[in-house]
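Okay, structure first, notes after.
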Amino acid sequence: SSWLSCETAPLAPKAMTPMQGQRHFLLACLLLAGTSWLVSQLACAFQAPLSSQRLSTQHWTASHAQLQAFPLHQVSDAPPAFAGASVASVKAFQAEDESEASPFAIVAATALAAVAAAESESESKGLWDKIKLPVYAGLWYFFNVQYNIQNKKLLTVFHANWAVSWFQLAAGIPIALFMWTSGLVKAPKMTKDDYLKLAPVGAAFAAGQVATVASLGAVAVSFTHVVKALEPAVNAIASALILGQVFHPMVYASLLPVFAGVALASSKELSFTMFGFLTAMASNFFFVTRNVLATKFGDVGDMGEDKTQRKTNQLAVLTGVATLVLLPVVVLLPGGLTSVPTAWKAALATGTAPNKLLYRLVASGFYFFMYQLSSFWVLSCVPPITHSVLNTLKRVVIIVVSIIVFRTPVTPQSAAGTAIAIGGVLLYSLTKAHYAKKK
């Protein structure tokens, strides 16, 4: 059987004293504070000179829902941490100091900037066009956090990783069919050859999902996401080797903090297992392969005219293909569909109620598809750099929430490594965008 089918016994939770609980909560807060500090340094590094950023009071009026323009010739030239920032976020900056913003204000402004980056400057747009991006981003964060929570609770008692991975992929099929039959989304037009071309993409998608589930079942959710922060680094290397896309040397240099942060976090991670680390890394390679192949076959089939509709149909079709490709594997391997009855009985033996177990299985599948769908919706509204910033901040949210929900013990070294790794991902995204503008 494949190495991915290995089962890892869950760590027995230890009772914590109130003092330990407070210490863990404090470390989670320190993690967020450390990440905020790194974001502040990155924002300062990529800002234009201060004199070119200050705006006269006439640029700010109560009638505007967002910042209209910087004293620059193009909005796209504005610093990522400020482009599209709201009036409230700018006041937060000015309240701290006219020349230096607080770290938390920069984090807030970065998130607001990412959410507002795709908004048109036209005042004639409809209400939905103005609020759809914040709605999509909010759904993306909510579904992703819920998936990680429900998935971890499920994997703690239900030890059939291959089956869970397949169920979560298959959960997207009825949702896609509902959208098509109800007319919410126009069904794509696909030929048999189109589906065959997407088979390698679906295989990479399925393998990435299996590896992610295996890692989440073996180690803490926070640690899995720290390792998955290396995905941009894997993507940069794969782009150079496969697509021949070579970036500026500083782009590759900006990845060093990511490697250093992951190494530091791994060295002091209390839940560390080599299986959990390797499966998380494998998911990075598989998902990067999926992205590269998806780029190559991006014009397969008729996915619709509207950009959001195309993204929705692409995910729906790819989910169906991945489910079919994975089916023969989960039927044959241990930990697959044949192991479900045994895993179910073992889960009930732990005291888990049948209805609660079923809920976690169904809910994790629903949240899995919906967080990806909302991510595609966000990507249809914003440029890649904005999506990268949002994704980085989302990973911070998942790590902090999972530490609090599961009371994950965190050492100071692990917290520092996590903050450095996440900050490095943001540094990479900003550096890549910075040098892309110079081409």
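Just for region 288-301: of the residues that are assigned to a helix (DSSP H, G or I) and open to solvent by less than 20 Å² (accessible area, probe 1.4 Å), which one is farthest from residue 416 (Cα to Cα)?
292
Looking at this structure, is residue 210 surrounded by 22 or more Cβ atoms within 10 Å (Cβ to Cβ), within 14 Å of the chain's Cα centre (by Cα) and part of a helix (DSSP H, G or I)?
So residue 210 does not fit the description; no.
If a residue has to be in contact with a helix residue (DSSP H, G or I) (Cβ under 8 Å, 6 or more places away or on another chain) and either among the aromatic types (Phe, Trp, Tyr) or in contact (Cβ under 8 Å) with a residue 60 or more places away in the chain (or both) to count, how many in region 293-347 make the cut?
So the count comes out to 37.
Would region 362-369 turn up any residue that is hydrophobic (A, V, I, L, M, F, W, C), out of contact with any Gly (no Cβ under 7 Å at 6 or more places or on another chain), crowded, with 20+ Cβ neighbours inside 10 Å and within 18 Å of residue 142 (Cα to Cα)?
The answer is yes, given that some residue of region 362-369 is hydrophobic (A, V, I, L, M, F, W, C), out of contact with any Gly (no Cβ under 7 Å at 6 or more places or on another chain), crowded, with 20+ Cβ neighbours inside 10 Å and within 18 Å of residue 142 (Cα to Cα).
Within region 151-171, can you find the residues that are assigned to a helix (DSSP H, G or I) and in contact with a Phe, Trp or Tyr (Cβ under 6 Å, 6 or more places away or on another chain)?
In the first step, residues of region 151-171 are kept if they are assigned to a helix (DSSP H, G or I); the result is 151-157, 161-170.
168, the sole residue that qualifies.
Looking only at region 421-434, decide whether some residue is touching a residue at least 24 places away in the same chain (Cβ under 8 Å), of a type outside the set (Ser, Thr, Tyr), buried (at least 24 other Cβ atoms within 10 Å of the Cβ) and outside any helix (DSSP H, G or I).
no
Can you list the helices (runs of 4 or more DSSP H) found entirely within region 304-410 that contain at least 2 residues being under 28 Å from residue 190 (Cβ atoms)?
Passing ranges, in order: 307-332, 354-379, 384-405.
Given region 217-275, what helices (runs of 4 or more DSSP H) lie entirely inside it while holding 2 or more residues that are closer than 29 Å to residue 335 by Cα and open to solvent by less than 10 Å² (accessible area, probe 1.4 Å)?
221-228
For region 172-203, which positions are open to solvent by 10 Å² or more (accessible area, probe 1.4 Å), touching a Phe, Trp or Tyr at 6+ places or on another chain (Cβ under 7 Å) and assigned to a helix (DSSP H, G or I)?
175, 197, 198, listed by residue number.
Please state which of the following conditions residue 331 fails to meet, knowing it meets all the rest: (1) open to solvent by 40 Å² or more (accessible area, probe 1.4 Å); (2) farther than 17 Å from residue 170 by Cβ.
(2)
The values are calculated or read from the model by the stated rules, or taken from the named source; none is laboratory data. Worth saying up front: this structure is predicted, and the values here are computed from it rather than measured. Note: ideal-geometry Cβ built from the backbone for every residue, glycine included; neighbour counts use all protein chains shown. Heads up: the accessible areas ignore ligands, DNA and RNA and are worked out on the full protein's heavy atoms, side chains in. Shrake-Rupley method; radii C 1.70, N 1.55, O 1.52, S 1.80 Å.
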